[in-house]
1. Can you name every residue in segment 43-58 that is open to solvent by 30 Å² or more (accessible area, probe 1.4 Å) and over 13 Å from Phe96 (Cβ atoms)?
2. Give the residues of segment 87-101 that are modelled with pLDDT of 90 or more and either open to solvent by 70 Å² or more (accessible area, probe 1.4 Å) or not in a loop (DSSP other than H, G, I, E, B) (or both), sorted by residue number.
3. Listed residues Ala71, Ala40, Ala17; which is aliphatic (A, V, I, L, M), open to solvent by 30 Å² or more (accessible area, probe 1.4 Å) and at pLDDT 90 or above?
4. Looking at (1) surrounded by 14 or more Cβ atoms within 10 Å (Cβ to Cβ); (2) more than 11 Å from the chain's Cα centre (by Cα), which is the one condition that is false for Gly61?
5. Pairs under 7 Å by beta carbon, first residue among the hydrophobic types (A, V, I, L, M, F, W, C) in segment 42-55, partner away from ligand 1 (no atom under 16 Å from the Cβ) and open to solvent by 70 Å² or more (accessible area, probe 1.4 Å), six or more apart or different chains?
6. Kindly list the number of the only condition in (1) within 18 Å of Phe101 (Cα to Cα); (2) in contact with a His (Cβ under 9 Å, 6 or more places away or on another chain); (3) small (Gly, Ala, Ser) that fails for Ala39.
7. Checking the structure you have, find out if any residue of segment 60-71 is more than 14 Å from ligand 2 (Cβ to nearest atom), of a type in the set (Asp, Glu) and free of Cβ contacts under 8 Å to residues at least 12 places away in the same chain.
8. Sort out which residues of segment 20-37 are open to solvent by less than 80 Å² (accessible area, probe 1.4 Å) and small (Gly, Ala, Ser), and write them in order of number.
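The values are calculated or read from the model by the stated rules, or taken from the named source; none is laboratory data. Computed from a prediction, not measured in an experiment: that's the story for all the values here. So basically every Cβ, Gly included, is an ideal-geometry build from the backbone, and we count neighbours across all protein chains shown. Ligands, DNA and RNA are excluded from the accessible area calculation, which covers all protein heavy atoms including side chains. Shrake-Rupley method; radii C 1.70, N 1.55, O 1.52, S 1.80 Å.
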Amino acid sequence: MNPDITPWRVVQPLGTAHERACGHLDLAELGGARGRACAACLTSGRSWVNLLVCMVCGTVGCCDSSPGRHAYRHFEQTGHPLARTLKSGEAWGWCFVDEVFLEQPESSR
Ligand SMILES: [Zn+2]
Ligand SMILES: [Zn+2]
Ligand SMILES: [Zn+2]
């Protein structure tokens, strides 16, 4: 295991009968975000709420609360299932396939 890559784990929602799982965590090899803006929104002059970065290839897109939903569009186009927030100080992600939240425990850094 590469010690430079912090392991992600699935956040278990409270009160669920079945344990949630994500079979894509080994795809999370983010070298770094490619930019600090949603390129598709910049092109069309739109704004966004939050930004997500693809954990597979580093492409930045806006979140599902944004009009463009370009992070989801990126998943539709590429099949890259994992995205994480680009907000500094926050470390959570989302799997579009399994629809589970992921967290990156601070203590394991
Ligand atoms: Zn998954
Ligand atoms: Zn966008
Ligand atoms: Zn990607």
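1. Answer for segment 43-58, where residues must be open to solvent by 30 Å² or more (accessible area, probe 1.4 Å) and over 13 Å from Phe96 (Cβ atoms): Thr43, Ser44, Gly45, Arg46, Ser47, Trp48, Val49, Asn50, Cys57.
2. Matches in segment 87-101: Trp92, Gly93, Trp94, Cys95, Val97, Glu99, Val100, Phe101.
3. The unique qualifying residue is Ala40.
4. Status for Gly61: all satisfied but (2).
5. Val49/Ser65
6. If we test Ala39 against (1) within 18 Å of Phe101 (Cα to Cα); (2) in contact with a His (Cβ under 9 Å, 6 or more places away or on another chain); (3) small (Gly, Ala, Ser), just (1) comes out false.
7. The answer is no; no qualifying residue exists.
8. Of everything in segment 20-37, those that are open to solvent by less than 80 Å² (accessible area, probe 1.4 Å) and small (Gly, Ala, Ser) turn out to be Ala21, Gly23, Ala28, Gly32, Ala33, Gly35, Ala37.
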